[in-house]
Amino acid sequence: MSIFVFLLALGISLLESVTYLGFVEAHTHIPTVLIYLLAAIIVLFRQESNKPNVIFQVCTKIVAIGSTLIYFVATGIEASTYQNFIFSHTHINLAALQVFVAVSVFTYFLSLSKRFLLKATLVILIIYSGAGLLPELVLAIQPIIKNPRSTYDEKMNDAYPGFYPAMQMVKKLTPQTATIILPPQGAPWVTEGNAALVVRFLYPRTIIHEEVGSLVANPATFMLIAKGSWPTDGTYTYGWPKVSVKAQKIWQFDLIHGTATAYTRDYDPETDAWDWGLIEQ
């Protein structure tokens, strides 16, 4: 009886894997969760057999391992392409396939004995947790797979587009004793205003936040020009500094060509609010 019920649960979860969650209920008016619940209840109260069904064990083991591998491979492929890629090409519904994997793993451990139910539960939790982390892992290693011979600068450019090359220009244009003033750490300068992050690239330079009106002229003081690379949240608008600044020199960064154009004049937010640049006071 228990084998029949779990085969029924497997069949239903497999059917919904190639259709959609709720397919059986929509056509039979029988909630699939009741079938899964019935299977679990039977497991709890079934009598252990002295002669385990070896064929059933082997078959359920193959299905459990196979479905788990298919699920992880499919999830990885979808993470590296686009949402619903797997469904559009194979008609496999990954959300429903999760249920099939869980039922197949549970059925395999059922074929061993009831004492393996805790292990089955732990395995299912590991599978679900791993599936949740897999897309992030795929996105993280995707650049490595595509560009295994990338240089350090290329890797950093990929990790911090715009920000990293701008920091490299600031590093070239400023002495190690310089004090560099950043915009506020808030949208749209979440990255540009992050002093803890900036100092990683510009150390041993001193990194501070300071209001423009309180600045003291110092030949070793510089100010970052930054439009902002994050969406605004209503607190600030794009472009910083937002007021005129007395300067010995200002630089406009061209990150595409890796150049910095220098101008000997004060900073004017009406004409000099570039995407990236630097002010020397």
Quick check on my filter: what residues within segment 156-171 are free of Cβ contacts under 8 Å to residues at least 60 places away in the same chain and under 16 Å from residue 251 (Cα atoms)?
167, 168, 171
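For (1) in contact with a Gly (Cβ under 8 Å, 6 or more places away or on another chain); (2) part of a loop (DSSP other than H, G, I, E, B); (3) among the hydroxyl-bearing types (Ser, Thr, Tyr); (4) at pLDDT below 90, each residue gets a yes or a no:
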site: 225; (1), (2), (3), (4): yes, no, no, no
site: 229; (1), (2), (3), (4): yes, yes, yes, yes
site: 233; (1), (2), (3), (4): yes, yes, no, yes
site: 242; (1), (2), (3), (4): no, yes, no, yes
site: 253; (1), (2), (3), (4): yes, no, no, no
site: 256; (1), (2), (3), (4): no, yes, no, yes
site: 273; (1), (2), (3), (4): yes, yes, no, yes
site: 277; (1), (2), (3), (4): no, no, no, no
By my count, helices (runs of 4 or more DSSP H) wholly in segment 1-75 with at least 2 residues that are at pLDDT 80 or above are 2-17, 23-28
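Give the residues of segment 148-182 that are of a type in the set (Gly, Ala, Ser) and surrounded by fewer than 16 Cβ atoms within 10 Å (Cβ to Cβ), sorted by residue number.
Here is the first cut: in segment 148-182, the ones of a type in the set (Gly, Ala, Ser) are 150, 159, 162, 166, 178.
Hits for segment 148-182 are 150, 159.
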Of the conditions (1) within 32 Å of the chain's Cα centre (by Cα); (2) at pLDDT 90 or above, residue 260 fails just one. Which one is it?
(1)
Only one residue in 247, 260 is farther than 17 Å from residue 192 by Cβ and among the small types (Gly, Ala, Ser). Which one?
247
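The values are calculated or read from the model by the stated rules, or taken from the named source; none is laboratory data. Note that the structure is a prediction, hence the values are computed from the model and not measured. Heads up, the Cβs are rebuilt from the backbone with ideal geometry, glycines too, and the neighbour counts pull from every protein chain shown.
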